[in-house]
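One structure below.
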Amino acid sequence: MQEVGTNPKRSSGRMCCICNQRRAALKRTKTLEQICKECFYDVFEEEIHQAIVSNQLFKPGQRIAICASGGKDSTVLAYVLSTLNKRYNYRLDLFLLSVDEGITGYRDDSLETVKRNEIQYGLPLKILSYKDLYGWTMDEIVKMIGLKNNCTFCGVFGRQALDRGAALLEVDKVVTGHNADDIAETVLLNILRGDIARLSRCTSITTGQFIALFSTIIGFCLLQTLDRLATYAYFKKLDYFSTECIYSPNAYRGFAREFIKDLERLRPRAILDIIKSGENFRISTTMKMPEQGTCERCGYISSQKWCKACVLLEGLNRGLPTLGIGRNRGSVNGRKNSEETKGGKSIESKGCGTLDF
Amino acid sequence: MARSLQCFQWFWVSGKTLNMQLTLEFGGGLELLCDSKKIHSVNVEPQNGADKLIMKDLLSWVRTNLIKERPEMFMKGDTVRPGVLVLVNDCDWELSGQLNTSLEEKDVVVFISTLHGG
């Protein structure tokens, strides 16, 4: 048997199923084939390339902002995109875009990682802060509202920040990297919340969970499970930041994450299958979906009179931070809380009965 | 005199054959559980006088000797928590028998949490 590597293990001396030349290092999630490191890189990058080509995500000459948080998803995305851009000559003008939420002990550290990535991958970096865009940092928001709904603020503000950043930097598209675990979690959460509007679009590669006004935001699923993404990042010695946001332990998503990880252990394909199921949900045509309009205040896309960010911001500035949180769409939009929860006519309360598969 | 010589011999033998030198690496946030140190060079003795060391023994050794806080972030039951990746000599431990992977002198074992940050 041919042995490659410094200290091959006897028990794993199997050869790679693809090249049959090097020692297998891991199993492919999809097929459970045993493959070597080099073939793993090829398969990993090729899957992303195929997704880009078949979905026609980019056109030559476009200016593309890659959202960089310093975490592994965005680090892998930035690395793979810049590699593919050179290898397949996409002729894209790539750069990194970071949002600084103003979270001491988390974002300040992760931004240091992004600054290193700027040098490592030779991609210019632009940083936008919540303080500049909204006048509030997340630290200040948490001080005012506590740890219960803080992630709502961050999510809503973050999404708009990307779009506004895109306008500021005159980019054609913004790309955010997501791993398969995240998308599967989102599918489950949308089912649990009965959020049919989001369920129908959360697995779509070109809009992801995002609706943008000034640019196309691509919530780009890297199509890889977290395990494989982390393996790739480790083998490639990519420099990423891995501390949990200090405000997130209270987030609902943690439960779904734990559940998915347990499922994955029983059946490695479970994550990819949940996404597939999410893609295959069909929304009944008789179902009334919220209409997209624009916010009267800032002009951003909104299904209500005011967009969520404006409602939340108004709440903060008026000292009524619970405005616009939960099912209460807020008095600003002229709807009463009670109507929505017991009326049974809203999207949220329609439940799963109206879904057909 | 004879007795102390026996003792000496026993130590010499155990030191020579049973203590195993390994390099352990913690990443993806797991290093925070062991004094923020990523790479640990350790000597591990197989338990109950066994002549080999398997991953199962190593995990309980790590839990007792290296993990300083929140062990539940590292382990669940007698194995690693779902979401913790294990590589033995750069090879996923799924291929070498997971908990039954037997270890050899100078092996490199890597633990990476995938659960932190995105």
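The values are calculated or read from the model by the stated rules, or taken from the named source; none is laboratory data. Not measured: the values here are computed from a predicted model. Note that we place each Cβ from the backbone using ideal geometry, even for glycine, and neighbour counts take in every protein chain shown. The protein model used for the area step is the full one, side chains on, heavy atoms only, and it has no ligands, DNA or RNA in it. Shrake-Rupley method; radii C 1.70, N 1.55, O 1.52, S 1.80 Å.
Per q in 0.23 Å⁻¹, report the Debye log10 I(q)/I(0) for the stretch A:94-182, using one uniform scatterer on each alpha carbon and no solvent.
Debye output, listed in q order: -1.28.
Order the following by accessible area, largest value first: B:Met20, B:Met55, B:Met73. Probe radius 1.4 Å; ligands, DNA and RNA are ignored. Don't jump to the answer; show the numbers that get you there.
Values: B:Met20 25, B:Met55 0, B:Met73 45 Å².
Correct descending sequence by accessible area is B:Met73, B:Met20, B:Met55.
Past the 25 Å Cα-Cα mark, which pairs from A:Lys27/B:Lys56; A:Lys148/B:Lys37; A:Lys37/A:Lys86; A:Lys143/B:Lys76; A:Lys276/B:Lys56? Walk me through the numbers on the way to the answer.
Working: A:Lys27/B:Lys56 21 Å; A:Lys148/B:Lys37 33 Å; A:Lys37/A:Lys86 21 Å; A:Lys143/B:Lys76 35 Å; A:Lys276/B:Lys56 35 Å.
Correct reply: A:Lys148/B:Lys37; A:Lys143/B:Lys76; A:Lys276/B:Lys56.
If you take the accessible area of A alone plus B alone and subtract the pair, what total do you get in square angstrom, rounded to 100, with a 1.4 Å probe? Could you put the intermediate results ahead of the total?
Working: alone 18210 and 7490 Å², together 22850 Å².
The summed interface area works out to 2900 Å².
With labels modelled as points extended 7 Å from the Cα through the Cβ direction, what inter-label distance (nm, one decimal) is found for A:Thr83 paired with A:Phe259?
3.4
Rounded to the nearest 10 Å², what accessible area does B:Arg63 have for a 1.4 Å probe in the complete protein model?
Its accessible surface works out to 100 Å², give or take rounding.
So how strong a dipole does the stretch A:41-283 carry about its Cα centre when Lys and Arg Cβ are +1 and Asp and Glu Cβ are -1, to the nearest 20 debye? Please report the intermediate quantities before stating the final value.
Numbers: 30 positive and 30 negative charges, 82 e Å.
For the stretch A:41-283, the charge dipole is close to 400 debye.
Given a 1.4 Å probe, how much area per residue of the stretch A:38-134 is accessible, in Å²? Could the numbers behind the result be given before it?
On the way: 3960 Å² over 97 residues.
That works out to 41 Å² per residue.
Heavy atoms only, probe 1.4 angstrom, no DNA, RNA or ligands counted: give me A:Thr113, B:Thr23, A:Thr104 ranked by accessible area, highest first. Working shown, then result.
Working: A:Thr113 5, B:Thr23 45, A:Thr104 90 Å².
Largest to smallest exposure gives the sequence A:Thr104, B:Thr23, A:Thr113.
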